[in-house]
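Worksheet for the structure shown next.
Quick note: the coordinates plus some simple rules give every number you see, no bench work behind them. In this text, all values refer to a predicted model and were calculated from it rather than measured experimentally. Counting neighbours? That spans all protein chains shown, and the Cβs are built from the backbone with ideal geometry, glycine included.
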Amino acid sequence: MINGKTRLYGIIGNPVGHSLSPIIHNAAFQALGLNKVYVPLPVTDLKKGLTGIRALGFHGISVTVPYKEEVITFIDTVEPVAQNIGAVNTLLVENNAKIQGFNTDWIGANRALQEKMSLQGSRVLLVGAGGAARAIGFGLQEAGAEVILANRTVEKAATLGKKLGCRYLGLEKLDSVKADALINATSVGMEPHIENSPVSPKFLDQFTVVMDIVYAPRKTRLLKDAQAAGCQVIDGLAMLLNQAVAQFELWTGKKAPVSVMRKALLDALQ
Ligand code: ATR
């Protein structure tokens, strides 16, 4: 029940109407009987939005497109990995209105992977060079994995590859790569282009694990091919869920009710 003591949480972005985060977080709050509520906050002026968040006493905020980078300039502290990534997706607001920034996207990817493999000392082929690849790339290195970056536009692979200090190549050169895991961090295969895959099936059998960040459809062309090649697969819902789990734990200090959150997410996508 919402009352005078309810703590406020929300997501800022533009647009936020399709976000699944309110569904996941409210399900978790309810499951643990916490007097908290999470609301969508469409924001067109980020600076004013953050002033409002401070003034209204919000305690935790998710940040989504297009503000994950820009938000860094308006907050008080940024956790080191988020600083390296150059993007923040989670805010924690203390009582004195000081805002701390974190990035749980990489934590979500790492947790999803670590359910199937150990990252320390492994080699991961990361496809893509946008914001998602940047967060996952720094996160993999944080966990002690070696990253090899492949992208359609090799110049973009070079820019991110130099930041990561890792080997990089064009997507057409994959035959020269050996790795334990493959991650698709591009939008290839997303609805409505569900027959597309960033990687030809002939390269897949060498990987122990193949992960896709695309979650609609849940079973992408890449994951179907990977399964047929005998790989273990991780779908995009795992990263989405686990980044929310990390947010919940940061905001509440409690262990997240993961199965409740997963069910809420799956029901919402039915
Ligand atoms: P995000 O921030 O969500 O990661 P982005 O910055 O737009 O999104 O990056 C999209 C990624 O998907 C890029 O790596 C892009 O490759 P290019 O750098 O060559 O554009 C990749 N991508 C999108 N469509 C693609 C396609 N049809 N084939 C291969 N890669 C594609």
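Taking label positions 7 Å along the Cα-Cβ direction at both Gln120 and Arg167, the computed distance is 2.3 nm, reported to one decimal. Backbone amide hydrogens, once placed in the peptide plane, bring Arg7 within less than 5 Å of Lys36, Val37, excluding anything fewer than 5 places away on its chain. Note on Lys263 and Thr51: the model spin-label points, each 7 Å out from Cα along the C-beta direction, lie 4.4 nm apart. Under a 5 Å amide H cut-off, with hydrogens placed 1.01 Å from N, Thr90 pairs with Val63, Phe102, Thr104 among residues at least 5 apart or on other chains.
Pairwise Cα distances in the chain exceed 24 Å for 49 percent of all pairs. Looking only at Asp105, Asp76, Asp180, which one moves most when the chain is put into a Gaussian network model with springs between Cα atoms under 10 Å? Residue with maximal mean-square fluctuation among Asp105, Asp76, Asp180: Asp76. Between the helical axis of 46-56 and the longest alpha-carbon principal axis of the chain there is an angle of about 40 degrees. For Val78, nonlocal amide neighbours, meaning residues 5 or more places apart or on other chains whose placed amide H falls under 5 Å from its own, are Gly101.
The long axis of helix 258-269 is offset from the longest Cα principal axis of the chain by roughly 80 degrees.
Could you work out how much longer the chain between Ser200 and Thr6 gets when fully extended? Use 0.36 nm per residue separation minus the Cα distance between them, nm to one decimal.
Details: separation 194, 0.36 × 194 = 69.84 nm, distance 5.08 nm.
Here the segment from Ser200 to Thr6 would lengthen by 64.8 nm.
Karplus-based coupling profile of region 231-248, in residue order and whole Hz: 7, 7, 10, 10, 8, x, 5, 5, 5, 4, 5, 6, 5, 6, 4, 5, 4, 4, with θ = phi - 60° in 6.51 cos²θ - 1.76 cosθ + 1.60 and x standing for Gly or Pro. In order along region 164-177, the Karplus-derived 3J(HN,Hα) couplings, from 6.51 cos²θ - 1.76 cosθ + 1.60 at θ = phi - 60°, round to 7, x, 10, 5, 9, 7, x, 4, 7, 9, 5, 5, 8, 10 Hz, and Gly and Pro are given as x.
If the chain linking Ala31 and Thr153 were pulled fully straight, counting 0.36 nm for each residue of separation and taking away their Cα-Cα distance, it would gain 39.4 nm.
Can you give the FRET efficiency to the nearest 0.05 for Ala229 and Glu69, using r as the Cβ-Cβ distance and R₀ = 35 Å? Walk me through the numbers before you get to the answer.
Details: r = 36 Å, r/R0 = 1.03.
Once rounded, the FRET efficiency stands at 0.45.
The phi torsions of region 27-43, fed into the Karplus equation with coefficients 6.51, -1.76 and 1.60 and a -60° offset, translate into couplings of 4, 5, 4, 5, 4, 9, x, 8, 7, 9, 9, 10, 10, x, 10, x, 10 Hz, rounded to whole numbers, with Gly and Pro shown as x.
Measuring between alpha carbons in the structure, the pairs from Lys116/Lys156; Lys48/Lys98; Lys202/Lys224; Lys116/Lys224; Lys48/Lys254; Lys224/Lys263 lying more than 20 angstrom apart are Lys116/Lys156; Lys48/Lys254; Lys224/Lys263.
Centroid-to-centroid, using Cα positions, region 9-42 and region 251-270 are 11 Å apart. Given the options Lys48, Lys68, Lys163, state which has the largest fluctuation in a GNM of the chain using a 10 Å cut-off (strictly under) for Cα springs. Between Lys48, Lys68, Lys163, it is Lys48 that shows the largest mean-square fluctuation.
Can you order the peptides 206-215, 227-236 by their average number of other Cβ atoms within 10 Å per residue, highest first? Intermediate values should be presented prior to the final figure.
Values: 206-215: 22.8, 227-236: 17.1.
Packing proxy ranking, top to bottom: 206-215, 227-236.
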